[in-house]
Amino acid sequence: MKRNGKVLLGIVVLALCFASVPIVAYTLGGWYAYWGAALLSAAWATVLLWLRTTEFWEVD
Amino acid sequence: MTEAVPIPVPTPESAIAVSVAVGLMLALSAGIGVYFYRKCKSFDEWAVGHGDVGPLVTGLALTATWLSGWAIFGNAGLGYTYGWSGSWLIGAMNLMGLSLCVVLGYRMRRYAALGARTVPEVAKLRFDSSLVQALAGLAMVVLLIVYSVGQYKAMASVWKLTTGTDWLASLLITAVLCAAYIMIGGYAGTQFSLALQGGIFMVIGWAFGIASIFWAGGPSKIAEAIAASKFVKPGGVETAVSIGGYTAPIAPSFPGYDWLGVTAAMIMFLLMATGFPQNIARFLGTRRVTRKEYGVIMLIVALNCVTPLMVGAMGYAARAVWGAELMGSGPIYGDAAASLVSMAIGGSAGAAVFSMAVFAAAVSTLAGMVMIMATNVSRDLIRNGTPKVSPRAQLMISRLLVVPFVLIPLWWTYTSPPPVLSEFMSGSAVAQAGIFFFVIAVSMYWKRATKWGAVATIAYGMALALLHPNVYGKFVPPFGHWGVWALALMIGCAAVYTVVSLATKPLPEEKLARLFPEKG
């Protein structure tokens, strides 16, 4: 996959993770929403880490 | 639960156990501080160490400054008081914000290499402007004093609940312990002590969170109890508002009032971890790391960001077992939930271990913030205005300034303790998120940002902070609504920063070249 495509895919996944938090809270509620937010956040952090280390790594 | 579980009360045993556990944790932290004190010969070393801090310590220290008394103590109060609608301030998605801080904050090292020793100094280097440095320093001092109040309430409440000491004595004991510990340590001492404290509260927070769910009869029992609960005001008056959903129409000034407030709370969590100067400053002393080591930082951050949810679960467990009884007794109210659950589960030993975790979380954040405030004045204001002041004098001034920055929030907490800790702290958090996310973090990546964009953002953010629903916002509609106020502040800061930057002239290319080197 080309660099722009990877970055775009990463941004789309980040946006989906963020938007899904209130949707899960509204539709499922309770513990599902509570721990679901943590799982979605873990997915978000993984994507950020992937983007940073593969596409935007900085050397001194 | 078939039998009523009594609410625990402090005993001589719990007082001794808590004193020993907290004393041990602080003694160990102070010991680390003394070790680094001997190595610390100049202001630069006191402020950022030797630039050799590794990924494990950086990750733990970052989570320690991020997760304060709010996370390890106040979150149980949020869950207990507001039910599921409190989860937005519990920070169910706080990892999104802190992982963003890990990604953006790593570039602070570039500015440390160019001589930055404080966060406002990063702004000075970025914009070649002493004005931005001074304004950023002033804004940080004001906002961090507000945030410090929360740390005192957390520590003094735990001390009072578990030892039976009165409120003023509890506050004074915690203040003396904190001041002594910060003055001897400095950055390196603080950084390593923070790492120790981050590790302590992660293990304890997870253990008590999981144990509390089983203690209360399991997840479905807790969910049933929360679904049937109504909001009870501090003081004990029950309302008709259900706290069984993810919004609760308690009052427009409550972030979980409606989905607009929820959206604002989510954006706050996304921006504030990077906007907190005590967080992003962790990277000033970090050494160069490999990709694998960078992953270690992120893994530690991910694990410790679950801790606030565990503490929130303790609040839900307390509500399921004790109903709204805690809302009747001030000044701690529902914030007492976590400490009392720890005593109910583990007796004196449980109280001791959990109190140690609360002190670890609150002292670590307070230490990070007091360090920032002291250096804001000594470096960003005094040295900025009088460049000839010697490094030795700066170091002495910084150490002395620890005293007022410990005392001012202490006085505030004593005279006017906030009823729901985390709700109070979110006011300062929104302003820090709106202002410093853009002025510091985005500016490190956006070449087109300008000095006037930064100045306008600080001015706008501080002005809007005064319109908080519990300050002047209640007189100026629609700012009595927390969501409207928070979005106006954060999105407004983004808009002001972008528009003013684009309308004014950036630094010349030759000055920007060292800050934005071309990729080889």
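The values are calculated or read from the model by the stated rules, or taken from the named source; none is laboratory data. Just so we're clear, the structure is a prediction, and the values are computed from it rather than from any experiment. Here the Cβ is made from the backbone with ideal geometry for all residues, glycine too, and neighbour counts use every protein chain on show.
Remarks
- Filter result for the condition that a residue is within 30 Å of B:G323 (Cα to Cα), in a loop (DSSP other than H, G, I, E, B) and in contact with a Gly (Cβ under 9 Å, 6 or more places away or on another chain), over B:V5, B:V9: B:V9
- Single residue of B:V471, B:V496, B:V484 found to be touching a Pro at 6+ places or on another chain (Cβ under 7 Å) and either within 24 Å of B:A273 (Cα to Cα) or loosely packed, with under 15 Cβ neighbours inside 10 Å (or both): B:V484
- Screening B:F269 against (1) more than 9 Å from chain A (Cβ to nearest Cβ); (2) surrounded by 24 or more Cβ atoms within 10 Å (Cβ to Cβ); (3) in contact with a Ser or Thr (Cβ under 9 Å, 6 or more places away or on another chain) leaves a single unmet condition, (3).
- A single entry from B:V132, B:V103, B:V142, B:V122 fulfils the requirement of being within 14 Å of chain A (Cβ to nearest Cβ) and in contact with a helix residue (DSSP H, G or I) (Cβ under 9 Å, 6 or more places away or on another chain): B:V103.
- Any hit, the stretch B:334-348, residues being hydroxyl-bearing (S, T, Y), within 21 Å of B:E423 (Cα to Cα), over 25 Å from the mean Cα position of the chain (by Cα) and away from chain A (no Cβ under 12 Å): no
- Some residue of the stretch A:14-25 being closer than 13 Å to B:S99 by Cβ, at the interface with chain B (Cβ under 9 Å from one of its Cβ atoms), in a helix (DSSP H, G or I) and not aliphatic (A, V, I, L, M): yes
- Single match in B:V311, B:V296, B:V306 (criterion: over 19 Å from the mean Cα position of the chain (by Cα) and modelled with pLDDT of 95 or more): B:V296
- Condition met for B:A180 (part of a helix (DSSP H, G or I) and over 30 Å from B:T415 (Cβ atoms)): no
- Being of a type in the set (A, V, I, L, M) and in a loop (DSSP other than H, G, I, E, B) is a property that B:A123 lacks.
- Taking the listed residues B:T457, B:T498, the one that is touching a helix residue (DSSP H, G or I) at 6+ places or on another chain (Cβ under 8 Å), polar (S, T, N, Q) and within 18 Å of B:V142 (Cβ to Cβ) is B:T457, with no other qualifying.
- Qualifying residues in the stretch B:38-47 (those that are part of a helix (DSSP H, G or I) and at pLDDT 70 or above) - the one farthest from B:Y181 (Cα to Cα): B:D44
- The set of residues in the stretch B:289-307 being more than 15 Å from B:G97 (Cα to Cα), more than 7 Å from every other protein chain (Cβ to nearest Cβ) and in contact (Cβ under 8 Å) with a residue 60 or more places away in the chain consists of B:V289, B:E293, B:V296.
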